[in-house]
Amino acid sequence: MKILHITPHLGGGVGRALSCLIRRAAAGGSVRHALLCLEQPEKRQAIDAIAAAGCPVTVAPTLAEARAAIDEADIVQVELWNHPEIPRLLCALGPTAMRLLTWCHVSGLGGPRIPPGLSGTPAAIVFTSPCSLQGGFLRAAGQQVAVVSSASVDHMPALSERMPRPVPDGMRIGYVGTLDFSKLHPDFVDFLAELPDKALPVHLYGDNTNQEALEAQCRAIGRSGLLRFHGHVSDIAGALAELDVLAYPLDPAHYGTAENALVEAMAMGVVPVVLDNPAERCIVSDGETGFVVRDKDGFRAALRRLLSDPEECAAMARRASATVRARYTARVMEEEMNAQYRMLMRQARAPFDFHTVFGQTPGDWYLSFQPTGDPHIGAPATAEARKGSVHHFLAKFPGDPDLERWAGETLAGRLVAASFARPKPARRAGMRPRTYLGARP
């Protein structure tokens, strides 16, 4: 059985997940993997690991190369999120027969959504978190839908018995992950504002996006020493081994699902305090493996409780580690995904025309990922240069009139208040689909 993965890139969680899956298959079994990576990789860790496992990898494939790979595959697995390269390639294919599995790496609960055009197609839809099952994504009766987490902690070192620190002063609080406000709660500093001096600083590991903004917020409340920025670290396990508590308040509208940073922290015995968001409450059991709280007061109370009771913190740390180390493994991921492959192989190849899923033009493709299909209601990353924003799409498809207009109506990360009705140009009626592959043949 040959699986062809189509992914925009191999960074972050998707790179780690595919690396785990492919390396497991290389150790034995009947499943073979190949991969089309649609962009040149910025970081080579995942792609090098995949290639070392003997998996064929084609970077920035031509349309002819993509068609040939799809024809050879038993199953085509699209790693789906709101990246413009996905609809660019799939729509350029034209009507194509395949067995299609979409592994959705966004929750679809807010923005970005999972394109509703997938509903009713012969595609197998696999979510990365059970929280996606709560959404309004409608599917046709009999459509194959499942959940397979893309998180695994196999790469984390074994956790030795962690002894509680002798006094609360020794406990360390930290945060691991992106500091981008498309994910991080915009009131992050305020959640931590009442921590006692003995618990400071809060250690931040990850890219330093928004460092200046967060430092300014700290100065505004008179707590310039509240945060310490460590930036990106290659030894994340070593960093987590120095922490006792993970302060992890994410924006309630965030797009995440598997939450690798959260799962890795728990594996290392770092007790999480999270907000009652859909993805987090599928991972953390309140009062058992961490605290799930409703608001800022609850968040502060949970931090105070952990700081005041190191023994409870240590017991919760052991439970958290044992739970995620049993649940989030490459073996579990492989077994669950292989079960989806076997079910899909019972079906014949079906014809797909992805214009019916995404639309005809780059503007349509952008809208297919927007909640309610409204350009005014985007993901939190609406005005960013990347992350599936209108600017990201425009950079890929310069000159598209709809994208140019919507990009011009964003200001400092917010859409201009004045609303407009999107016209339906006559060019759409009866028009042949256009190919947007730039200079690629």
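Enter the accessible area per residue of the chain (Å², integer; probe 1.4 Å; all protein chains in place). Mind dumping the intermediate values first?
Values: 18330 Å² over 441 residues.
Roughly 42 Å² per residue, with all protein chains present.
Quick one: putting +1 on the C-beta of Lys and Arg, -1 on the C-beta of Asp and Glu, what dipole do you get for the chain around its Cα centre, in Debye to the nearest 20?
I would put it at about 1180 debye.
Given the chain, what percent of its DSSP beta bridges are antiparallel, to the nearest 5?
Beta bridges within the chain, antiparallel portion: roughly 10 percent.
Restricting to DSSP H runs of at least four residues, report the calculated mean residue ellipticity at 222 nm for the chain, -39500 (n - 2.57) per run over all residues, nearest 500 deg cm²/dmol.
After summing the helix terms and dividing by the residues of the chain, the value is -9500 deg cm²/dmol.
Carbon and sulfur: what percent of the chain's accessible surface (1.4 Å probe)?
Whole-percent figure for carbon plus sulfur exposure: 52.
Cross-link candidates for Lys387: which lysines have Cα within less than 29 Å, leaving aside residues fewer than 8 places away along the same chain?
Result set, ordered by chain and number: Lys43, Lys183, Lys296, Lys396, Lys424.
Using +1 at the C-beta of Lys and Arg and -1 at the C-beta of Asp and Glu, which of Ser308, Ser285, Leu109 has the Cα lying farthest in the positive direction of the dipole of the chain?
Of the options given, the answer is Leu109.
For region 247-252, take each phi angle, set θ = phi - 60°, evaluate the Karplus expression 6.51 cos²θ - 1.76 cosθ + 1.60, and give the result in whole Hz per residue in order, putting x for glycine and proline.
Whole-Hz 3J(HN,Hα) from phi for region 247-252: 8, 10, x, 9, 4, x.
Percent of Cα-Cα pairs per 20 Å bin, from 0 to the last occupied bin, for the chain, please list those.
The distribution over the chain is 24, 55, 20, 1, given as percents.
The values are calculated or read from the model by the stated rules, or taken from the named source; none is laboratory data. Values in this document were obtained by computation on a predicted structure and should not be read as measured data. Glycine also receives a Cβ, built like all others from the backbone with ideal geometry; neighbour counts cover every protein chain displayed. Areas reflect the complete protein model, heavy atoms only, side chains present, ligands, DNA and RNA absent. Shrake-Rupley method; radii C 1.70, N 1.55, O 1.52, S 1.80 Å.
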